[in-house]
1. Determine the shape class of region 29-78: with a ≥ b ≥ c the square roots of the Cα gyration tensor eigenvalues, call it rounded for a/c under 1.5, and otherwise prolate if a/b is greater than b/c, oblate otherwise.
2. Spin-label point model (7 Å from Cα, Cβ direction): what's the Val16 to Asp78 distance in nm?
3. If we sort 50-57, 33-40 on the protection proxy, mean other Cβ atoms within 10 Å, highest first, what's the order?
4. For region 4-25 and region 61-103, write down the distance between their C-alpha centroids in whole Å.
5. Which residue, Val66, Val83, Val16, has the most motion in a Gaussian network model of the chain that connects Cα atoms within less than 10 Å?
6. For Gln61 and Glu98, what is the calculated FRET efficiency with R₀ set at 35 Å and r taken between the beta-carbons, to the nearest 0.05?
7. Each residue of region 79-90 in turn: what ³J(HN,Hα) in whole Hz from Karplus with 6.51, -1.76, 1.60 and θ = phi - 60°, glycine and Pro shown as x?
8. Take the alpha carbon gyration tensor of region 15-57, find the square roots of its eigenvalues, order them as a ≥ b ≥ c, and report rounded if a/c is under 1.5; if not, report prolate when a/b exceeds b/c, else oblate.
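Please treat every number below as a calculation from the coordinates, not as lab data. Remember, predicted model here, so these are calculated numbers, not experimental data. Positions of Cβ are generated from backbone atoms using ideal geometry, with glycine treated the same way; all protein chains shown enter the neighbour counts.
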Amino acid sequence: MDEYEKERNKQIEEAVIETYKQEEEMMILVFAQWCVNHGLDPEEMYQQAYPEQLSNERLQQVLKLVVSKEEAGDIPDDTVLGVLSMFGNEDLAMVVSEAIAKRK
């Protein structure tokens, strides 16, 4: 593999990582907005799912983007569960499922 190919592979890898981070942020935003829409505290829900973690810095950053329930569009329960599962957040999906069950 020549230098050009190495550099090209590195650029592709960096682009894939950046895309993943952006998609992960979108997942966190969907989760956080869903929580707000249903009168739930995203940080508290996260803490229930991952009690060993003190806090999640990315969740903190994304919370700045969350709008009031009145300003937000509806986020179906299946959507939030789907994006959490897609990113392997099964513990958080379980906490969300429990909140959905309590609501119904």
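1. Here region 29-78 falls in the prolate category.
2. According to this spin-label approximation, the distance is 3.1 nm.
3. 33-40, 50-57
4. When both Cα centres are located, 27 Å separates them.
5. Val16
6. Efficiency computed from Cβ-Cβ geometry: 0.85.
7. Per-residue couplings from phi come out as 5, 5, 5, x, 6, 5, 5, 4, 9, x, 8, 5 Hz.
8. oblate
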